[in-house]
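Any read-out appearing in this document is the output of simple, stated calculations on the displayed coordinates, not a laboratory observation. Since we're looking at a predicted model, the values are computed, not measured. Heads up, the Cβs are rebuilt from the backbone with ideal geometry, glycines too, and the neighbour counts pull from every protein chain shown.
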């Protein structure tokens with residue numbers, strides 16, 4: 001009888017552990033989503049200004065420590081304010097999303113691309129030559 005009772009109690013504890021484990025996993029997933037949301041620009045899905053600031057500071061520290069080069073490019077959409085005023089915010093948002101998609105395609109790791117604000121973007125190029133960076137930026141411009 002004591003053995004049966006111990007088995008029932010053990011099963012109950014195992015069930016509670018399973019439920020608790022599932023709750024913890026759910027909370028971890030939710031926390032990770034909140035972290036992604038806090039560092040992602042909602043319009044473009046690029047990194048946002050906060051993520052850029054954090055990544056740039058880290059990249060500078062790594063570059064200093066390793067003695068490697070680090071380049072930064074700031075990009076913006078020429079005449080965007082007048083375009084936005086003429087064609088409207090919805091069309092302007094589509095333009096921003098399109099430009100962001102081009103930057104994202106060419107800004108993958110180890111590069112880092114972010115929407116800096118408005119129609120401005122920033123890219124970090126760790127340990128890349130000026131020629132390679134210039135070619136990437138020209139491809140974005142075109």
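Just a few scattered comments:
- The relative contact order of the chain comes to 27 percent, based on Cα pairs under 8 Å that sit 6 or more residues apart.
- Each label point was placed 7 Å from the Cα along the Cα-to-Cβ direction; for residue 94 and residue 2 their separation is 7.8 nm.
- Acute angle (nearest 10 degrees) that the helix 89-106 long axis makes with the longest principal axis of the chain, alpha-carbon atoms: 80 degrees
- Listed values (i) 15.7; (ii) 18.5; (iii) 16.2, entry calculated as Kirkwood radius over Cα pairs in Å: (ii)
- Helix 2-38 vs. the chain, principal-axis angle (Cα, 0 to 90°, nearest 10): 10 degrees
- In degrees, nearest ten, helix 49-66 long axis to first principal axis of the chain (Cα): 80 degrees
- Entry note, the chain: the mean residue ellipticity at 222 nm calculated from DSSP H runs of n ≥ 4, each adding -39500 (n - 2.57), is -22500 deg cm²/dmol after division by the residues and rounding to the nearest 500.
- Rounded Å value of the spacing that divides the Cα centres of region 28-84 and region 88-128: 9 Å
- Comparing 113, 130, 73 in a Gaussian network model of the chain (Cα springs below 10 Å), the most mobile by mean-square fluctuation is 130.
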